[in-house]
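Written below as structure tokens is the structure these notes are about.
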Amino acid sequence: MKRRDFIEKTAASTALLSLGLPLTSFSSIETRHLTILHTNDVHSYIDPFPADHPRNPNMGGVVRRAALIESIRKGNPNVLLLDAGDIFQGTPYFNYYGGELEFKLMSMMQYDASTIGNHDFDNGVEGLYAQMPHAKFEFLSANYDFKNTVMDGFVKPYKIFNKNGIKVGVFGLGIELDGLVDKGMYKETVYNNPVETAQDMVRILKKEQQCDVVICLSHLGYQYKDEPNKICDMKLAELTQDIDLIIGGHTHTFLDKPTVAKNLVGKDVLVNQVGCYGINLGRIDFYLDNNKQNAYKGTSIIV
């Protein structure tokens with residue numbers, strides 16, 4: 001080191017210390033960028049809608065979604081691709097292949113995780129189990145207990161992903177099946193209270209595992225205005241804490257951008273859902289300074 005450089009650096013360090021400020025106070029702040037992409041209620045829609053469709057002309061389609069996802073990944077390698085359930089039921093593809101095609105295509109698009117919706121039981125718990133070998137991604141459901149079914153061991157309550165040093169904890173929640181799905185379809189699957197389950201999950205993910213971002217994959221539904229006491233994503237946000245993002249499904253709610261709700265202790269929770277049939281791809285970008293959330297932006301991208 002040159003003598004002049006040494007003197008200048010020594011003088012600067014002495015000045016900082018004389019102000020009572022440690023040198024670590026001026027360490028560089030590293031901003032990391034995490035992108036969450038998500039779908040919900042795709043319902044076996046593989047092809048785009050026809051050009052003459054009255055509501056969704058020329059929208060959707062797996063090929064277009066795959067190209068969009070690939071393009072986003074080129075811009076930021078720190079991407080998680082998630083689904084909020086109801087993968088099955090809605091087109092002849094499901095009637096003929098029983099879910100095999102849907103799982104294979106999601107695997108090719110490199111989905112990281114999905115939760116389980118009520119229509120994913122439409123071929124029974126055995127039908128869901130039969131398609132599991134085709135899924136190269138995680139199934140997450142913390143409040144469905146499958147221990148007395150063939151699905152035991154195929155579904156995890158949560159998964160922690162590491163993206164460039166960012167710890168992302170993801171857990172799943174499913175809607176109550178009684179009265180919605182025939183008992184013969186879900187058999188001995190046990191539904192547990194989603195709010196209590198969520199509190200257990202955030203305790204593990206935020207407190208014990210110290211995840212930087214906690215995401216709930218929910219198939220509870222966005223909101224039920226005619227049933228104000230029914231559990232939904234908005235109520236889940238209000239009744240819990242330490243969830244950063246709730247990605248929802250079931251109600252086919254089209255949001256242009258995430259709703260910002262207040263949690264149990266008055267902090268912001270993002271709640272998002274992107275309609276149905278693969279028409280939209282949700283995108284939420286988190287920006288973290290030294291792995292503490294500093295900013296976010298969210299949008300719904302038409303496919």
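Nothing in this text is a laboratory measurement; each read-out follows from the coordinates by a stated rule. This one's a predicted model, so the numbers in the text were calculated from it and none came from an experiment. Note that we place each Cβ from the backbone using ideal geometry, even for glycine, and neighbour counts take in every protein chain shown.
Remarks
- The charge dipole of the range 29-302, taken about its Cα centre with unit charges on the Cβ of Lys, Arg, Asp and Glu (plus for the first two, minus for the last two), comes to roughly 860 debye.
- Of [x] 20.3; [y] 18.3; [z] 23.4, the label for mean projected area of the Cα convex hull in nm² derived from the coordinates: [x]
- Between the residues Leu101, Tyr186, Val79, the greatest Cα displacement towards the positive end of the dipole of the chain, with unit charges on the Cβ of Lys, Arg, Asp and Glu, is found for Val79.
- The order of the peptides 223-235, 103-115 by mean Cβ neighbours within 10 Å, most packed first, is 103-115, 223-235.
- Highest mean packing first, where packing is the average number of other Cβ atoms within 10 Å per residue, the peptides 156-169, 252-265 line up as 156-169, 252-265.
- Alpha-carbon centroid distance for the pair the range 238-303 / the range 73-104, whole angstrom: 20 Å
- Cα-based values for the range 158-276, radius of gyration first and Dmax second, are 14.6, 44 Å.
- Computed [θ] at 222 nm, helices only, for the chain once each DSSP H run of length n ≥ 4 contributes -39500 (n - 2.57): -7000 deg cm²/dmol
- Approximating the spin labels as points 7 Å out from Cα along Cα→Cβ, the Ala130-to-Phe254 distance works out to 3.5 nm.
- In the elastic network of the chain, a GNM with C-alpha springs shorter than 10 Å, the most mobile of Ser71, Ser141, Ser218 is Ser71.
- Length available on full extension from Tyr97 to Arg64: 0.36 nm per residue minus the Cα-Cα distance, which gives 9.7 nm.
- Between helix 62-75 and the chain: long-axis angle, C-alpha atoms, 0 to 90°, nearest 10: 10 degrees
- Highest-fluctuation residue, Asn123, Asn193, Asn56 considered, GNM on the chain with Cα pairs under 10 Å: Asn56
- Computed over the range 29-302: relative contact order in percent, which uses C-alpha pairs under 8 Å that are six or more apart: 22 percent
- Beta bridges by DSSP in the range 29-302, antiparallel share as percent, to the nearest 5: 55 percent
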